[in-house]
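Working notes, structure below.
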Amino acid sequence: MQIFLDNIVFTIQKAGGVSVYWYELLQGICNAGLSVSFLNAGLNPANIFERQLNYQQHPCIRESWIPPRYLRYLPLQRTLPHSAVFHAGYLRVSPQKNVLNILTIHDFAHERRIATPFPRGLANIKQKAYGIKRADGIICISDSTKRELLHFFPDTDPAKLRVVYHGIADTFHPFDKAESSAPLLPADIRNPYILYVGGRDNYKNFRTAIETIMLLPPKYTLVIAGGGAWHKTERQLLEEKLPGRYFIVENVKPADLNTLYNYAWCLLYPSCYEGFGFPPGEAMKAGCPVVTTNCTSMPEVVGNAGLLAGEITAKSFADQILQLENNQFRQETVSAGIAQASLFTWEKSVRETISFYKDCWNNKFVS
C-alpha cells in the first residue's frame, strides 16, 4: 500500500487547526513504517508546523508548477501508481479511478455561510462537493461534522464515512505553579483572568466574550491569545468596553499557551460553530476549566467536564464563570477536564486513520 500525502495545506495558512491536524497525522503515519511519499512539500516556509518536518526521510514530489494559490482548488494533477492511497491535507482528490481517495472533512462553515465570503467561499463549497463525490473514504473529525455532511449531501453512502477525532498535543499539561522552575506569566497580565483563544470571526462571538467580562466583578480581566492580525475596530471595541481590563498576546507559541491555560481562571470559548475545536481540549488537558457553548461539536469535546451555556449570551457565560468561585466545584471541574482530555490522543487518531486506509483499500482492491 503506497501512500501519497498532499501537503499543500501548509501553503494555505501559517498555523491553525488544519495545519495542526495535518502535521500530527504526517508524523504518526511516517513513524508507522509505511511507504509514504509527500506531494507539494516545503512550498511555504512560513508555516510553523511544516518547518518542524524532516522531509529527507521520504520522497518529495512537486506536483505541478501551477502556483499553490490556484493548485489548492484543483484535483490532483499528477498520475499516481495503481492502487495508491491519496490523502490530501485539504479537500483535494485525484481524478484517477484506480487509486484510493481519502478525504478529511473538518466542517461546513462555508455551506452555513459563516466563513470566507464570495468568491472563495463558493470555490470551497464546489471543491468540497467534488471531493465528497469522488472520495472512497471520508474522515469526519466529529459526529457533528458527520451529521452535517449527511445533511448537506444526503446521497452520500454512510458506509464510507468514519469519525476520527483529533488528538490533543502533550504540549498541554498542568504544572505546579509553586515550583521555582514553573513558567511565569508576562508581567502585565494580572489574575484572575478569563482566557480567550483563537479567531475573532463573527461566529466566534468575540464581542459576546467582551460583554461577558463587563458583567463580571472588576477583578476579572480578559486575556486574548492568538487569532491573527487585529483590526482597528476590534482594538477600539476593547478600549471602549474594557479599558484597563484586557491584555493581548498576539503571537503565542504552544508552550506559552500552555502557561496561559495553567494560570487562567477559565477558558471562555463562545463559538457557535466548530468542527472540533482545539482550545477547549487543550485547556482541559492543562487543567483549565472550560466555559463554552452547547453547539455543534463542543459537547463531544468537553463531555460532562465543561460548563456549557444554555444560550449564547453574556449573562449565560458570566453565570457559568461565577460557579467556579466555589472551590470544590472548581477542583472537580479541573479533574473531570483532565480525564476528558485524555480521551483525545494523536496516537489513537493516527491508528484509526491508518486502519481506515486499510479498510477502504481492501474494500476497493481486494473484495
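The values are calculated or read from the model by the stated rules, or taken from the named source; none is laboratory data. Computed from a prediction, not measured in an experiment: that's the story for all the values here. Every residue, glycine as well, gets a Cβ built from its backbone with ideal geometry; the counts of neighbours run over all protein chains shown.
Quick notes
- Pairs meeting the criteria (first residue in segment 265-286 and assigned by TED's automatic domain parsing to the domain that holds Asn202 and of a type in the set (A, V, I, L, M), second residue surrounded by 24 or more Cβ atoms within 10 Å (Cβ to Cβ) and assigned to a loop (DSSP other than H, G, I, E, B), beta carbons under 6 Å, at least 6 apart or on different chains) are Leu267/Cys288.
Results for (1) more than 28 Å from Gly121 (Cβ to Cβ); (2) at pLDDT below 95; (3) not in a loop (DSSP other than H, G, I, E, B), shown as yes or no for each residue.
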residue: Ala32; (1), (2), (3): yes, yes, no
residue: Asn44; (1), (2), (3): no, yes, no
residue: Asn47; (1), (2), (3): no, yes, no
residue: Arg51; (1), (2), (3): yes, yes, yes
residue: Tyr70; (1), (2), (3): no, yes, yes
residue: His82; (1), (2), (3): yes, no, no
residue: Ser94; (1), (2), (3): no, no, no
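- Phe317 surrounded by fewer than 14 Cβ atoms within 10 Å (Cβ to Cβ), at pLDDT 95 or above and either in contact with a Lys or Arg (Cβ under 7 Å, 6 or more places away or on another chain) or assigned by TED's automatic domain parsing to the domain that holds Leu222 (or both): no
- Sole residue being surrounded by 14 or more Cβ atoms within 10 Å (Cβ to Cβ), outside any loop (DSSP other than H, G, I, E, B) and not aliphatic (A, V, I, L, M), chosen from His151, His87, His166, His173: His87
- Inspection of segment 288-311 identifies no residue that is part of a helix (DSSP H, G or I), over 18 Å from the mean Cα position of the chain (by Cα) and surrounded by 24 or more Cβ atoms within 10 Å (Cβ to Cβ).
- Flag if Lys364 is of a type in the set (Lys, Arg), at pLDDT 95 or above and within 19 Å of Ile138 (Cα to Cα): yes
- Count of residues meeting criterion [at pLDDT 95 or above and either in a loop (DSSP other than H, G, I, E, B) or touching a His at 6+ places or on another chain (Cβ under 9 Å) (or both)] in segment 229-243: 2
- Within segment 48-69, the presence of at least one residue that is in contact with a Lys or Arg (Cβ under 9 Å, 6 or more places away or on another chain), surrounded by fewer than 18 Cβ atoms within 10 Å (Cβ to Cβ) and of a type in the set (S, T, N, Q) is confirmed.
- Residue in segment 15-31 that is in contact with a Lys or Arg (Cβ under 8 Å, 6 or more places away or on another chain), of a type in the set (Ser, Thr, Tyr) and surrounded by 15 or more Cβ atoms within 10 Å (Cβ to Cβ) present: no
- Each residue in segment 176-215 was checked for being more than 15 Å from Ile248 (Cα to Cα), in a helix (DSSP H, G or I) and aliphatic (A, V, I, L, M), and 2 pass.
- Beta carbons closer than 8 Å, at least 6 apart along the sequence or on distinct chains, pair a first residue in segment 207-233 that is closer than 23 Å to Asn258 by Cβ and in the same structural domain as Glu325 (by TED's automatic domain parsing) with a second that is of a type in the set (S, T, N, Q) and loosely packed, with under 13 Cβ neighbours inside 10 Å for Gly226/Asn251.
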